[in-house]
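A.B. asks: Dropping the structure in here first, questions after.
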Amino acid sequence: LNVIVLLNASVCVWAQDLRKEYPPLRSIKFQSPLPIREAELRAALPFHEGDQVTEFLLRQGQESLERKRIFESVKLLTAESEGRTDVTFVLSPRQLVSGIEILGVHSLNERALRRLSGLKSGQPFDTLSLELARERVSRAYQEEGYTHATVSSGVEELAPGEVSLILTVDEGAPSLISKIEIQGEFPTEAAKLRDIVTDYYVGKIAAVATV
């Protein structure tokens, strides 16, 4: 019973905080270590200078900026003086991908691998996208018969807020077909075809040997 009472009290306090009213807005500012498109950010907010806002409305503005997915974090600061409110959003931008390299490619088409990776210049950097790209390139090699190929990933910082993504491939030797056995009895003509197919595929990369 005591736990329920405390929980309800917490909910009431939280709801009361969201209903808090602020004096009219005097200014809306953005702090960022990198250049930003301030007009676009202002357009995403549900309030403007001169509006009287609540804590709930300010939180909505904060969430609108977070949903853009171009910031690592968005911190909301408020300051009241002389019957006015100053709002500041402290922005920590995500790093942007400005370069993509795939090194060590000799046997496959590098341009095709780049498309397959899904990485694009100008997109916000995140480690999950890089790992997925590494797995896609690795899978492409496996499917082409390079079962010993390994792919590693790395990140190089070029400038504040900019990174280059690097995938390094060690292709290794392809897996070759050394022997084919076809069991069963074959008529003379079918046996000749069997021998032709067997001779053709022995020594070929395993992945392309589809009969």
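Bear in mind these aren't lab numbers, they're just calculated from the coordinates by the rules spelled out. Owing to the predicted nature of the structure, the values given are computational and were not obtained by experimental measurement. Positions of Cβ are generated from backbone atoms using ideal geometry, with glycine treated the same way; all protein chains shown enter the neighbour counts.
A.B. asks: Once you have the Cα-Cα distance between residue 175 and residue 84, take 0.36 nm times their residue separation minus that, and quote the gain in nm to one decimal. Display every interim value, and only then the final one.
C.D. replies: Values: separation 91, 0.36 × 91 = 32.76 nm, distance 7.28 nm.
Stretched out fully, the residue 175 to residue 84 stretch lengthens by 25.5 nm.
A.B. asks: I would also like to ask the following. Stretched out fully, how many nm does the piece from residue 20 to residue 40 gain, at 0.36 nm a residue minus the Cα gap?
C.D. replies: Details: separation 20, 0.36 × 20 = 7.20 nm, distance 2.71 nm.
Length gained, residue 20 through residue 40: 4.5 nm.
A.B. asks: How far apart, in nanometres, would the label points at residue 107 and residue 126 be if each is projected 7 angstrom from Cα along the Cα-to-Cβ direction?
C.D. replies: The two pseudo-label positions are separated by 3.4 nm.
A.B. asks: So what is the relative contact order for region 24-83, in percent, with contacts set as C-alpha pairs under 8 Å and at least six apart? Walk me through the numbers before you get to the answer.
C.D. replies: Numbers: 42 pairs, mean separation 19.0, N = 60.
In percent, rounded to a whole number, it is 32.
A.B. asks: What is region 21-123's relative contact order, in percent, from Cα pairs under 8 angstrom and six or more apart in sequence? Don't skip to the end; give the middle numbers.
C.D. replies: On the way: 146 pairs, mean separation 30.8, N = 103.
Taking the mean separation of contacting Cα pairs over the length of region 21-123, I get 30 percent.
A.B. asks: May I ask for the net charge around residue 104, where only other residues with Cβ less than 14 Å from the Cβ of residue 104 are counted and Lys, Arg are +1 while Asp, Glu are -1? Walk me through the intermediate numbers first.
C.D. replies: On the way: positive: 114, 134; negative: 101, 110, 170, 171.
Counting the neighbours of residue 104, the net charge comes to -2.
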